[in-house]
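S.K.: Take a look at the following structure, please.
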Amino acid sequence: MLLKVSRVWIYLLLQFLIAVSLCHLKNVPAGSQHSFKNGLFNFYHSLILADGKETTIHLLKDIPKRYYFILREDRAPIPFTVTVTPCDVPIEWSILVHKTSTNFLGKPAHGNYDTQDISKFQKIPNSVSTIFNYKGNSVETYVGVPSFSAIYLIEFLSTERDTHITVYLTSDITSGHLYPELPMDPRIDVVGVGHTIVTLAWKHSPSVLQHKENIQYCLLVNEKHNYKSLCAAETAIRSSGIKLPPTLALSLSPDLLDPQQVMILSKQELSVINKLNNGEVRQICMGTMNHHTVTNLSPSTQYYFDIFVVNLLTNASAAYIGTFARTLEEPDPKVTELKDGKIIHLTLDKKNWKFYNLQYQARHKRVQFTFQSCSGQISVQITRNHKIVASENFAGLKLFSLKGKLMDTYLVQVRSVEQSNTSVKVQVSSHFYKPLFSGLPDSLKIKSFSKLRTCNSVTIAWLGTQEQSKYCVYKKRIEKDQVWTEVRSTDRCSGPESRNKYEKVLCKYFYDRNLQRAVTTETIKGLDAGTLYLFDVYLFGPSGIPVKYHSRVVKTRKKC
């Protein structure tokens with residue numbers, strides 16, 4: 001008997017659904033009737049929308065999908081809600097209600113239904129009306145007052161491409177909230193913007209205040225656009241080819257991450273950085289704090305920020321109104337003006353490896369830049385009117401002679417390429433008769449003659465210039481294990497004033513108009529046998545500023 005009653009009830013319900021379809025078909029545009037007719041037979045396989053549970057629905061392009069639900073008659077007249085969350089492209093959805101007499105819909109399922117009953121049922125007056133429709137990609141909620149002599153039909157359609165959505169129906173809004181609540185003002189405030197940071201703040205969700213242990217905030221940062229739901233954000237990241245962890249809020253295991261993802265967990269904050277072709281997408285979960293400073297951003301870049309409040313028990317989320325901000329432009333580096341003939345001394349820091357920027361406006365067509373690295377290698381780049389005219393890494397002394405136009409603007413960038421601090425002297429001159437170092441030798445190396453070594457003397461030689469100049473020779477006795485340290489740590493910018501007086505050997509003047517003959521030698525006597533000596537030569541030009549030759553280590557003979 002019960003089996004017979006159940007079958008009759010199912011038959012009656014299907015008759016209602018067919019009637020709903022036919023009535024609705026009369027009111028839809030001609031272009032839509034074909035798809036509706038095709039979907040008519042699907043009512044025999046119609047899906048019931050679950051009450052009190054979030055349902056994920058997959059939609060095929062241009063193919064409508066329908067769900068129905070019936071509200072219990074024995075419950076109090078409490079409003080019901082339907083929340084639809086598009087996870088990608090905009091969709092169309094509508095709610096239709098089929099109202100009829102309660103004679104059969106409300107009839108207890110414990111009698112015998114015969115053919116006459118069914119015939120009467122088909123003749124019962126009925127009406128179908130659309131009580132809600134929406135088109136877009138925002139999260140939308142319909143709140144309605146139930147009609148117990150009615151069947152509700154929800155139709156979904158995607159006209160752009162295949163997609164998926166989530167739907168949540170609850171017939172008792174007093175039993176609790178699946179989705180966390182948003183505050184009365186769900187906007188995100190940008191409270192600070194820097195070159196690489198943005199500080200955000202937002203009002204607390206009432207759900208956080210009531211269920212702090214089960215709720216947390218998650219922030220999404222990207223360079224493309226705002227997302228209206230967490231579902232839409234996750235879909236966008238997945239579409240880029242990255243395997244997303246099961247949920248943003250619960251992504252605590254590095255094993256779940258894709259190779260293109262970086263996870264950072266610190267101070268109770270979880271950050272997942274997704275490396276996409278169109279920029280990074282950062283996901284940051286910060287517990288129940290309602291403020292956050294996003295760091296390590298790029299200067300002069302627009303970023304979009306979305307805050308989601310997530311229920312950790314149900315994995316449901318609600319989105320604040322997204323915002324955006326543009327980081328400040330990187331400040332122009334501090335530029336030091338170079339003056340004609342003036343020497344500046346820069347200390348280059350090993351820690352930041354930053355460029356020092358020097359600017360010079362030419363007063364002559366020809367200019368000469370002189371650099372003297374005091375220790376180690378430096379990198380120099382010279383641009384003229386924004387075009388690179390010289391670029392080189394070097395140690396020691398280097399001159400760049402350039403030809404341009406009057407009032408050309410030169411920008412010089414200098415930095416160290418060493419792992420230790422160093423310094424450099426820089427001078428620019430448009431008056432070639434007043435350069436810092438005029439007519440320097442082709443080489444600043446000191447040569448020693450092995451055959452001329454004795455037990456108490458060595459002979460060294462070095463190149464001179466075409467101008468009368470002063471040369472001073474210094475010597476220092478060193479041990480074998482001091483050789484590398486002494487040669488490496490020598491400050492080429494320091495002059496004889498930094499040396500002990502007893503290290504001075506001699507000073508002499510010489511020059512030769514023929515550079516091929518501008519060579520001088522000197523024999524240093526009074527040395528100890530079998531001993532290492534460090535020899536230095538200082539050149540004093542017209543400016544009086546010393547130029548130090550490269551140190552030379554020579555060992556006297558043990559036996560003679």
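The values are calculated or read from the model by the stated rules, or taken from the named source; none is laboratory data. Since this is a predicted model, take the numbers as computed values, not measurements. For neighbour counting, all protein chains shown are included, and Cβ atoms are generated from backbone atoms with ideal geometry for every residue, glycine included. Heavy atoms of the whole protein, side chains included, go into the accessibility calculation; ligands, DNA and RNA do not. Shrake-Rupley method; radii C 1.70, N 1.55, O 1.52, S 1.80 Å.
S.K.: How many nm is it between the label spots at ARG238 and MET289, if each spot is 7 Å from the Cα in line with the beta carbon?
M.R.: According to this spin-label approximation, the distance is 3.0 nm.
S.K.: Take LYS224, project a point 7 Å from its Cα along the Cβ direction, then tell me which residues of the range 282-322 have their backbone nitrogen under 18 Å from it.
M.R.: Correct set: 282-284, 302-308, 322.
S.K.: How high is the FRET efficiency from ASN214 to SER391, r the C-beta distance, R0 60 Å, rounded to 0.05?
M.R.: 0.50
S.K.: What's the ranking of 321-327, 47-53 by average number of surrounding C-beta atoms within 10 Å, highest first?
M.R.: Peptide ranking by packing, descending: 321-327, 47-53.
S.K.: By average Cβ neighbour count within 10 Å, what is the ranking of 213-225, 513-525 from highest down?
M.R.: Details: 213-225: 19.1, 513-525: 12.6.
Result, highest mean first: 213-225, 513-525.
S.K.: Leaving ligands, DNA and RNA out of it, report the carbon-plus-sulfur percent of the accessible area of the range 446-555 at a 1.4 Å probe.
M.R.: Reported share for carbon and sulfur atoms: 47 percent.
S.K.: Here is a follow-up. For the range 437-560, take the alpha-carbon Rg, divide it by the Kirkwood Rh, and send me Rg/Rh.
M.R.: On the Cα set of the range 437-560, Rg over Rh gives 0.96.
S.K.: What FRET efficiency would be calculated for the residue pair GLU329, THR159, taking the C-beta separation as r and a Förster radius of 56 Å, to the nearest 0.05?
M.R.: For GLU329 and THR159, the calculated efficiency is 0.85.
S.K.: Over all directions, how big on average is the projection of the convex hull of the alpha-carbon atoms in the range 336-429, in square nanometres?
M.R.: Average of the hull's projected areas for the range 336-429 equals 5.2 nm².
S.K.: I want to check the label-to-label distance for VAL191 and SER127. Put each point 7 Å from Cα in the C-beta direction and report it in nm to one decimal.
M.R.: 5.4
S.K.: ASP172 versus ASP340, label points 7 Å from Cα toward the beta carbon: distance in nm?
M.R.: My value for the distance between the label points is 9.3 nm.
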